[in-house]
Amino acid sequence: FIIFAGTANRDLASAIARELNTTLGLAAVENFPDGETTVRLEEPVRGREVFIVQPTSPPVNDHLLELLAFADACRRASAARITAVVPYFGYARADKRHGRREPITASMIADLMQTVGIDHLITLDLHAPQIEGFFRIPVDSLTAVPTLARALRDRVPDDAVVVSPDTGRVHAATMYAHRLKTSVVVLHKQRASGTETRITHVVGDVRDRACVIVDDMISTGGTMAESIEALLAAGARPEFTLVATHGLFLPGARAKLDHPSVRAVVVTDSVEIISRDWPQLEVVSIAP
Ligand code: R5P
């Protein structure tokens, strides 16, 4: 087999290769002045099993196109089988139409991936598990919850509760709570736009409890910041651990989370972490 890394997260691809006692396949990605992208495989793949490690993280469209170009190059060079390792699946929040004249982009991407010859998808904590149904190829939808929960065990106070910031995360929150031997509190979140959310209810008792807020991703940081405010208003102790599989940390997110009550922000390396210069940040590797 051979593992190629796109440009989205070479560190993770290298860590995966190290786990498997191998090195990355040789390939070059080139961007033209007009914004077009091409990929050149610099070693043969004929008859080989190929893995392409490329989270479709921001800039999502560029990383997605690069993954498709990689797969197309591998198929045209007669690879035996192509597995896309996409720990963060961009557009996973576009899994349904919100209005009558909108696309279902996650479904469109599933079609594109299959059209270019991807035979198998490995992904991690998909925002909506039912996205698997958009594919006809096998999808291994892994979860980082056990890995993250292990990292939390010694750092979270005994009386902490696990908080799901919306109903979509209740299943994952229950998995965390089971592993941390505590209970789950659920917030009722309403999304007004891509950047604006509002927490209207806290379901469960958080009075004087430390909170572990768990989510699939931290993007703008809005959901976490709103959750902290709502939990403080409901009487929670100002002692928060923020946990997410995917730390996208878009510009401005860190400022939103620089709250004196935030003790730790724990994410995986599914997405390349641009700056680790943040004392509260802990990055747990999913390479193993
Ligand atoms: C939403 O349903 C997701 O599970 C996350 O809560 C959300 O996408 C996080 O994004 P942000 O950090 O921008 O609030």
What's the magnitude of the charge dipole for the chain around its Cα centre, counting Lys and Arg as +1 and Asp and Glu as -1 at the beta-carbon? Answer in Debye, nearest 20.
560 debye
Restricting to Cα pairs below 8 Å that are 6+ residues apart, what does the relative contact order work out to for region 2-142? Please round to a whole percent.
20 percent
Go ahead and run the numbers for FRET between R76 and E196, Cβ-Cβ distance against an R0 of 51 Å, rounding to 0.05.
0.70
Send over the per residue convex hull volume for the chain, Cα only, as a whole number of Å³.
139 Å³
Per the 1/(1 + (r/R0)^6) rule, R0 = 45 Å and r from the Cβ atoms of A28 and S261, FRET efficiency to 0.05 is 0.45
Any lysines whose Cα falls less than 23 Å from that of K181, other than same-chain ones fewer than 8 residues away, would be none
Most positive-pole-ward Cα, L248, V203, V265, against dipole of region 145-284 from beta carbon charges
V203
For region 1-34 and region 39-103, compute the distance between their C-alpha centroids and round to whole Å.
13 Å
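Report the extension gain between S275 and K181 in nm, rounded to one decimal, defined as 0.36 nm multiplied by the number of residues separating them, less their alpha carbon distance.
30.6 nm
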Within straight cross-link reach of K189, meaning Cα distance under 12 Å, which aspartates and glutamates are found once same-chain residues fewer than 8 apart are removed?
D166, E226
In nm, to one decimal, how far is the modelled label at R155 from the one at I104, with both set 7 Å along Cα→Cβ?
3.8 nm
Positive-end extreme of charge dipole, region 2-142 - chosen from H63, L121, A73 (charges on Cβ)
L121
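Grab the other residues whose beta carbon is less than 9 angstrom from that of T37, score K and R as +1, D and E as -1, and report the net.
Result for the local shell: -4.
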Estimated FRET transfer efficiency when R0 is 25 angstrom, pair D11-L250 (beta carbons, to 0.05)
0.80
Report the local net charge at D208: Lys and Arg +1, Asp and Glu -1, summed over other residues whose C-beta lies under 14 Å from its C-beta.
-1
Simple spin-label model, 7 Å along Cα-to-Cβ: L20 to E43 in nm?
1.2 nm
Which number comes out as Rg/Rh for region 145-284 once both Rg and the Kirkwood Rh are worked out on C-alpha atoms?
0.92
Note the full-extension length gain between D205 and D140 as 0.36 nm times their separation in residues minus their Cα-Cα distance, in nm to one decimal.
19.8 nm
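Read the figures in this text as sums done on the coordinates, not as results from a lab. For clarity, every value in this text was computed on a predicted model and none was experimentally measured. Because the Cβ atoms are built from the backbone with ideal geometry, glycine has one as well, and the counts that use them run over all protein chains shown.
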